[in-house]
Amino acid sequence: MVNAAEAHVEAQALAKIPVACEYPDVFPKKHLGLPPDRDVEFRIDLVSGTAPVSKRPYRMAPDELKEQKTQLQEQLDKGLCVDYRPLNAVTIKNKYPLPHIDILFDQLGGATVFSKIDLRSGYHQIKVQEEDIPKTAFSTRYGLYEYLVMSFGLTNAPAFFMYLMNSVFMNELDKFVVVFIDDILVYSKNEQEHEEHLRIVWGIDIPCALTAWIQYMGR
C-alpha cells in the first residue's frame, strides 16, 4: 500500500498487487477491440416528429482538406469526440440523476484504505443499439462515419452509464463502494478488509464484463 501523505505517490504495478492478479479478465494487458454482444446497449430515442440530423460537409480549401484527412486518421486511431449538439437537441433526455460529489465523500468516514478503479475507455465498452448506430453518423469529405460504441458527447451517455454502474454495484454502494460514472472507489477500514472488498467488487458477475485500470491503491 502507499501512504497518501507522501509528497509524491508512485502508482504500483499491477503485478505487485496480489489481489488484482487474481482477476486477469478484469485487467487485460491489451485493448480488446469492439465489445462483445451484451444485454445492455445504448439507445438514442428521438423526440416525436424529428429525424436524425444530417449535415453536408463544409467546403474546404485543398490545404484544409489535407489537414482534415490527417487529423481524421489520427482521431480514428485514438478515438473521436464528435460535436453532437444537433442530435442532442432532438434526443429525448434521460433524467437519471448523477450523484452529488459531497454526498459521495460523506460515505468515506472512518475509511483508511482506498482503491480508485477507472474503467478502461468506459463509454467505448458499451455498444450502441444496432438501429441507433446511423444516428451517430457524422460526415466528412472522405466519407460518412458511424459509432458502433457509445461516444463522448452524446447527451444521455453519462446518465446511461451511471444507471448501469449503480445497477451493477447496488448491493455494495454506500457500504464500501462509491461510483461516479466510470470511476469506482473502494474504501475500507484496514488492509485485510480492503482485500475482501476488492475480491467482492472484481468477483461480481457483471452482465457487461467491463475491464478496468487500477489508478491508485493507498491509504
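The values are calculated or read from the model by the stated rules, or taken from the named source; none is laboratory data. Worth saying up front: this structure is predicted, and the values here are computed from it rather than measured. Neighbour counts are summed over all protein chains in view; Cβ atoms, including those assigned to glycine, are modelled from backbone coordinates with ideal geometry.
Assorted remarks:
- The number of residues in the range 61-81 being assigned to a loop (DSSP other than H, G, I, E, B) and at pLDDT below 80 comes to 3.
- A single member of Y123, Y96 is assigned to a loop (DSSP other than H, G, I, E, B) and either touching a Phe, Trp or Tyr at 6+ places or on another chain (Cβ under 9 Å) or within 15 Å of P158 (Cβ to Cβ) (or both), and it is Y96.
- So K116, is it modelled with pLDDT of 90 or more and either of a type outside the set (D, E) or not in a helix (DSSP H, G or I) (or both): no
- Residue ID - nearest to the chain's Cα centre (by Cα), chosen from residues in the range 99-113 that are assigned to a loop (DSSP other than H, G, I, E, B) and exposed (fewer than 11 other Cβ atoms within 10 Å of the Cβ): H100
- Of the residues examined, Y58 is not one that is among the aromatic types (F, W, Y), surrounded by 10 or more Cβ atoms within 10 Å (Cβ to Cβ), under 30 Å from E196 (Cα atoms) and at pLDDT below 80.
- Whenever a residue of the range 128-150 is surrounded by fewer than 19 Cβ atoms within 10 Å (Cβ to Cβ), its partners that are in a loop (DSSP other than H, G, I, E, B) and among the hydroxyl-bearing types (S, T, Y), lying with C-beta atoms within less than 8 angstrom and at least six residues away or across chains, give the pairs I133/Y147; A137/S54; S139/S54.
- Listed by position, the strands (runs of 3 or more DSSP E) contained in the range 130-206 that have at least 1 residues being under 14 Å from Y84 (Cβ atoms) and among the polar types (S, T, N, Q) are 138-140.
- Enumeration of residues in the range 82-93 that are surrounded by 15 or more Cβ atoms within 10 Å (Cβ to Cβ) and part of a loop (DSSP other than H, G, I, E, B): V82, Y84, V90
- Y123 among the hydroxyl-bearing types (S, T, Y), surrounded by 16 or more Cβ atoms within 10 Å (Cβ to Cβ) and farther than 14 Å from I44 by Cα: yes
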